[in-house]
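Written below as structure tokens is the structure these notes are about.
Only the coordinates and a few stated rules stand behind these numbers; no lab work does. Just so it is clear, the model here is predicted, and its values are computed rather than measured. All Cβ positions, even for glycine, are placed from backbone atoms using ideal geometry, and neighbour counts span all protein chains on display.
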Amino acid sequence: MTTASSVLLYAVFAVGGAAVYAMAPKGEAPRRGLTTILVLAALGGFIAFLFTQFPVAHAERVCFAVFALIAVGSSARVITHSKPVYSAIYFVLTVVAVAAMLVLSGAEFLAAALVIAYAGAILVTYLFVIMLAQQPGSPVYDRRAREPLLAILTGFMLAALISHRVMVGEGAGNTANSGATGITASASLGNTVGIGAIVMTQYVVALEIAGLLLLMSMVGAIALSRKKVEKEYHESPAAALGLAGREAPPF
Amino acid sequence: MIGLADYLIVGAILFALGVAGFLCRRNLIVIFLSTEVMFQGVILTAVGFARFHRHLEGQAFALFLLVIAAVEAGLALGLVMLLYRRRRTLDAEAWSVMRG
Amino acid sequence: MLDFESTRGLALAVVFGPLLGAIAAGVLGPRVLRAGTHFAAILGVGVAFAASVILLLRLQGASADQSSIVIPLFDWIAGAREPLVRAALLIDRLTGVMLVTVTGISLLVVIYSRDYMRDHGHAVRGYERFFAFLALFVFSMCMLVLGGNFVLLYLGWEAVGLCSYLLIGFYYEKPSAAAAANKAFIVNRIGDFGFGLGLLLIYLTFGTWEYGPVFEMVQRGVTATGAAVGQGTLTAIALLLLCGACGKSAQFPLHVWLPDAMEGPSPVSALIHAATMVTAGIYMIARCGAIFTSSATAMSIVAGIGAFTALMAATIAIVQTDVKRILAYSTISQLGYMVLGIGVFAADSALFHLFTHAFFKALLFLAAGSVMHAMGGVIDFRNFGGLKKVLPWTFSLFLVGSLALAGFPLLSGFFSKDEIIHHALQANKLLGGMAIVTAALTAFYTFRMFFRTFSGPLRTPPGVHAHESGGWMIFSMAVLALGALFAGYAGTHITGQPFHKSLEPVFASTFLTANPFHASHGAATAHGGFLGEYGLMILSGAIALLGILAAYVLYVQQPWIPGLIRATFTKTYEFLWRKYELDEAYDVVVVTPLRGLGRFFVGWDDYFIDGLIWIVTVVPRAAAFGLRAFQSGFLQSYALTMVAGLVIIVLLAAWN
């Protein structure tokens, strides 16, 4: 990778961070225009970057890029939307996009499992809980993010670093273009059979343990939900929030 | 062609977004939702490696990840319900008793 | 031949008698003896007096070169190979004379105090304390005199200073008394500082504390290592020792404590500030004669200070109105005489004057105490007069003392003072002139005091019923009066000057031989001075009578004259009344800067030291305040820290 490309990579990530920051609920009126521009700029910049690095030839790549964009964009909305229901819905979109990318990699079974388990079960559970634990109106903890700058800075530094390392490794030729069509060990039988075979033979212990875990989770959830919890009010929920522990003076 | 780097980078971005969301949202449920986003990133990475190395171990790993995610979601939401019942609020900052 | 065992026994009796008396008075007094505590003191001091007299007789009986003996007691401070300081007593003729004077006057004062410290027959508050301190003082003074080396001298020196402080501040609830006690101790301390430096210089130069070796080395002119000792060193030692003498014997400029010390009871003034403690300085210079006579500069300074102090104190005394204060200035003046005597190499004359002065000054103080007792505590003669009728005994005894002090012919003071004037004239005409003027003033102010107190119409302070003193007081004063009348004959030419002869062995090698003004000193030599001495005697007698006559005219016959003089010379009068404003000068030069220094250090302690401690405490608290931000209690803060750490690790890994 050339220096200019590295700089472009970091710049794209910076814009992406700014976009997410602009999207984060800060308790004031969201600046929709700025937010939209930043998001589009980030996504577009990323696609442009990718195209500078890799030759544009295959539809596969374009599809992958589109689905990647959808995934990234919707997960950005997951974490920045001020209403939790919307976050959950956007998450469904993320899951669908990821499932699409999995299909592109030849992991159809996993894609289907993802959609069924995540979007079908987990997200529905989340939505139920959101509905059960909802506060009227828009409570303050949904409207304001907690120190968004630091959080986003950290996250994006992480992402940029990992990506940089990956790209450096890429330049050294570590990751050659792998199989054109996602060839697996037993391509002739299809992905599902392949996974079934491998799970049932090589990783059967892990499978059993996974089942056990699921059982434990079920028991635990039932036990938790039956627990009698008395209300612990302080003065009021707002007062129970308190301040950060910085108010005691040292002198 | 889609290279390994693409999977890894997108996975990294999803993971990073999940981390950022975990760190900056105050709603307990959204915090757990962010962990689910992190899971997505990891699944993508695992599958990318599976494709690169031309085997199915990565996909099996991703399958087990799915199981873990489901388990975690169930228990986490149960705990969130308990916490909500105690303080009648979903604010993560309500639980700062161990402050110095 | 002095017997070692018995001499040691006598010396120890002199030392321990008063000490045991003090302990008995202090321990048994408050509970057991109470109003009989004076017996413990009388017994203790009496034992010391008896032992001193026997000691003196033995010393006189021994031949001249056998009359000095050193009695080692024990090793006090151990050194590496040999002891650094030994406790030893030196007994010679000088010691004998001093001991008899001290213990004799002390015994009479203790007897007097039995009546004085009573209010209508009941013992005053602190009766036991008084006798305990008095006996303790006698012990300290005897230690000073008996000490055989410089360390014991310093021990006794400080101890008498302490007892003086305790006794001046006897009426400690009176602020002026407490302040006077402080002043005495602190001014003494200033002198003692120089004294201590002198002692250290002696040790550094000569390597030993014992009198004998040090004086022998001084006279040979060598130091401990055998090298020649510098003249500057000897002069420095002498001047530093003189500092101590000025402090203890109230010479200029350290005389300011003595007038204020009159806040103590009259017996204390009589004993300590007339006869014994203030003479410690004279004794010390006489004892260290070898050191002083080796430096002509030092001797000149000694003589100058003595003469100046004598004249200055006399001029202050002529305007004072408090009887005890007049007597205090008179003491300073007479001590100046003694110092002058030593300064002109007439040490035996100085000690003779010390001897006679002890009698008549103690008598005068006790008589003043008697007046004070009768006048209900008032002693300023502006408030009373004409007491001759109501206090006949006191009148006669006071008269005897006054005549002796004024130098009336044929009384003790006449002989001793005359000798000093004679030697002063021989040495230096200016000093002699100052001595003569002082003698005139002495006679004048003494009888001014006497006539104002006892002559004229009877006046008493309102509400006071004047009565004569009790038997014990009269007895003591009578004995002292006998001494004032006849003690002078111990030193006259007619009787062969036994006093001076007995001290010859002590001063043989020092004052007598080093005297530059007189080839040989002694009663027998005449060389034209004999007739001159008689002429001087007549002159002194005439001066005394003139002074008495002037006082009589001014204060009995024509009492309007002093008022006229005062109106004419108002400025001078005021200046003398305020004692040449020396106390104010001290205040500005010494006291105020020291107070300021004290305040500075208080501030230093409060702000700087406490500030340092504050800094030590503040650092952890500030650190805690800063670090507390990390312990917010929010899960997400901790998660943030974790992720930040992860980012840093990846960063470090990526860049290596």
Amide H proximity to C:V85 below 5 Å, modelled H, separation 5+ or other chain, gives C:W76, C:I77
Averaged across the residues of A:218-224, what count of C-beta atoms belonging to other chains lies within 10 Å of each residue's C-beta?
4
Protection-proxy order for peptides C:15-28, A:20-33, C:140-153, each taking the mean of Cβ atoms within 10 Å per residue, highest first
C:140-153, C:15-28, A:20-33
Which lysines have a Cα less than 29 Å from the Cα of C:K389, not counting those fewer than 8 places away in the same chain?
C:K324, C:K361
Per residue, how big is the convex hull around the C-alpha atoms of the range B:4-89? Give it to me in cubic angstrom, could you?
55
Quick check on packing: order C:217-230, A:94-107 by the mean number of other C-beta atoms within 10 Å, highest mean leading.
A:94-107, C:217-230
Could you run the Karplus curve 6.51 cos²θ - 1.76 cosθ + 1.60 with θ = phi - 60° over the range A:25-36 and give me ³J(HN,Hα) per residue in whole Hz, x for Gly and Pro?
x, 10, x, 10, 5, x, 8, 4, x, 4, 4, 4
Residue by residue through A:9-22, how many Cβ atoms from other chains fall within 10 Å of the Cβ on average?
1
Starting from the Cα coordinates of the protein assembly as shown, work out the convex hull volume and express it per residue in Å³.
344
Can you check how the C-alpha radius of gyration of the range A:54-139 compares to 2.2 N^0.38 Å, as a plain ratio?
1.29
Highest mean first, what order results for C:487-498, C:442-453 on Cβ atoms within 10 Å?
C:442-453, C:487-498
Starting from 0.36 nm per residue, how many nanometres of slack lie between C:T321 and C:T495 once their C-alpha separation is accounted for?
58.7 nm
Magnitude of the Cβ-charge dipole of the protein assembly as shown, K/R +1 and D/E -1, about the Cα centre, nearest 20 debye?
2140
Per-residue mean of other chain beta-carbon atoms within 10 angstrom of the beta-carbon, peptide A:206-215?
3
Could you give me D for the range C:1-148, from Stokes-Einstein at 4 °C and 1.567 mPa s, where the hydrodynamic radius is the Kirkwood radius over C-alpha pairs? Units µm² s⁻¹, please.
80
The range A:3-173: translational diffusion in µm²/s, Stokes-Einstein, Kirkwood Rh over Cα pairs, 10 °C, 1.306 mPa s:
90
For a quick check: with amide H placed at 1.01 Å from N, whose amide H comes under 5 Å from A:K26's, ignoring anything fewer than 5 positions away on the same chain?
A:A145
At 0.36 nm per residue, and after removing the present C-alpha to C-alpha distance, how many nm does the segment from A:R32 to A:M218 gain when stretched out fully?
62.7 nm
Rounding to the nearest 10 and keeping the result within 0 to 90°, find how far the Cα-based axis of helix B:4-24 lies from the longest principal axis of chain B.
0
Using only Cα atoms and rounding to the nearest 10 degrees, what angle (0 to 90) does helix B:28-53 make with the longest principal axis of chain B?
10
Once every DSSP H run of n ≥ 4 in chain C is given -39500 (n - 2.57) and the sum is divided by its residues, what mean residue ellipticity at 222 nm do you get, rounded to the nearest 500 deg cm²/dmol?
-22500 deg cm²/dmol
